[in-house]
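The values are calculated or read from the model by the stated rules, or taken from the named source; none is laboratory data. Just so it is clear, the model here is predicted, and its values are computed rather than measured. Methodologically, a virtual Cβ is constructed for each residue, glycine included, from the backbone with ideal geometry; neighbour enumeration extends over all protein chains shown.
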Amino acid sequence: MGWDANDITLLKKLWSAGLSAAQIARHLGCSRNAVCGMLNRLGLKRGHKPPTARPQIRPAPKLRPSSAACAGPIAQKVSSSTAERKQPKELSRQQLYAILAEAVKNTG
């Protein structure tokens with residue numbers, strides 16, 4: 001579509017009045033994409049609407065322990081202190097590369 005000065009002024013007027021690109025396209029007798037392209041070239045944008053919803057953040061519900069998980073007596077107390085935790089085994093660079101190569105070979 002060839003845009004003349006009258007079409008551009010009408011486009012700006014209808015856009016500022018709040019009409020959508022499809023409504024302006026029907027009024028001008030062109031496609032919606034042509035209107036969107038001209039709006040983009042002219043640098044005309046709509047302001048963003050503020051969000052209408054205001055979500056309420058609720059605390060997570062407290063879970064009760066199920067009776068099935070605690071059916072029997074606890075045999076041993078598990079400590080969470082860092083001193084009693086088992087340290088992971090350190091691997092050399094060559095061992096890590098071998099593990100990685102085997103993983104790549106197994107994936108495909």
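Odds and ends about this structure:
- Test for P73: is it at pLDDT below 70 and either over 29 Å from D4 (Cα atoms) or aliphatic (A, V, I, L, M) (or both): yes
Residue-by-condition table, conditions (1) exposed (fewer than 10 other Cβ atoms within 10 Å of the Cβ); (2) at pLDDT below 70:
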{"site": "P55", "(1), (2)": "yes, no"}
{"site": "P59", "(1), (2)": "yes, no"}
{"site": "L63", "(1), (2)": "yes, no"}
{"site": "E84", "(1), (2)": "yes, yes"}
{"site": "P88", "(1), (2)": "yes, no"}
{"site": "Y97", "(1), (2)": "no, no"}
{"site": "A103", "(1), (2)": "yes, no"}
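- Selection count where residues are part of a loop (DSSP other than H, G, I, E, B), exposed (fewer than 15 other Cβ atoms within 10 Å of the Cβ) and over 32 Å from the mean Cα position of the chain (by Cα), scope segment 24-50: 1
- Among the residues making up segment 9-23, those that are surrounded by 12 or more Cβ atoms within 10 Å (Cβ to Cβ) and not in a helix (DSSP H, G or I) are L19, S20.
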